[in-house]
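A.B. asks: Quick one: structure below, then a few questions.
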Amino acid sequence: MSTAQVPDILSPEFAENPYPAYAAMREHSPLIWHEATQSYVISRYADVERVFKDRESQFTTDNYNWQIEPVHGKTILQLSGREHAVRRALVAPAFRGSDLQEKFLPVIERNSRELIDTFRATGSVDLVGEYATRFPVNVIADMLGLDKADHARFHGWYTTVIAFLGNLSGDKDVAAAGERTRVEFAEYMIPIIRQRR
């Protein structure tokens, strides 16, 4: 794939349907230097896996410093080596074995049923808009014991944060909305955390 054929990952066409471009990149250009974002795009799973595991690699997760940290704070995705292993060991047990089966599976199933019930009788659905983008947010809110009446608010925050994370072109309005969401979410959560302590 020549430079002229490399898809513009910031274009509206790519945002609308990235899958043909993904296929072309995997087939012809699994490693692309993307000038506009000053970053490499790696499109094959095996290559991504190798880069993450290769300590000699020049690839880093430094992009998370500007792509995630302003709205999420420093996350486990940014950590490496022992620091990553220690933090991962703290959370991993909850996501496997009996904890997963007994605590989370019922929450997951209940939230899935509740969402499906909202469109079951309609005959059609925008699966991404009405299910896929809402499901993980609802499950997390439910697992945290947050008010179901606030699910629409959580979804709005989620949508804004995802837009911030994907804001590779540096759109100022998207960045500002992400910053506002960080503040709003903190204002919502801090009193709940204080009360539970």
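The numbers here are math on the coordinates, done by the rules we state, and not lab data. Keep in mind the model is a prediction, meaning the values are calculated, not measured. Quick reminder, even Gly has a Cβ in these numbers, built from the backbone with ideal geometry, and neighbours come from all protein chains shown.
A.B. asks: Given the options Phe164, Phe154, name the one that is out of contact with any strand residue (DSSP E or B) (no Cβ under 6 Å at 6 or more places or on another chain), part of a helix (DSSP H, G or I) and within 30 Å of Ser39 (Cα to Cα).
C.D. replies: Phe164
A.B. asks: Could you identify the single residue in Val137, Val128, Val161, Val174 that is at negative phi and in contact with a Gly (Cβ under 7 Å, 6 or more places away or on another chain)?
C.D. replies: Only one candidate passes the filter, namely Val161.
A.B. asks: For the range 173-197, enumerate the residues that are without any contact (Cβ under 8 Å) to a residue 40 or more places away in the chain, exposed (fewer than 14 other Cβ atoms within 10 Å of the Cβ) and aliphatic (A, V, I, L, M).
C.D. replies: Selection gives Ala176, Val183, Ala186, Met189, Ile190, Ile193.
A.B. asks: Check whether at least one residue in the range 11-29 is within 22 Å of the chain's Cα centre (by Cα) and more than 30 Å from Leu127 (Cβ to Cβ), and report yes or no.
C.D. replies: Within the range 11-29, none of the residues are within 22 Å of the chain's Cα centre (by Cα) and more than 30 Å from Leu127 (Cβ to Cβ).
A.B. asks: Failed condition for Gly170, given (1) in a loop (DSSP other than H, G, I, E, B); (2) in contact (Cβ under 8 Å) with a residue 12 or more places away in the chain, with all others met?
C.D. replies: (2)
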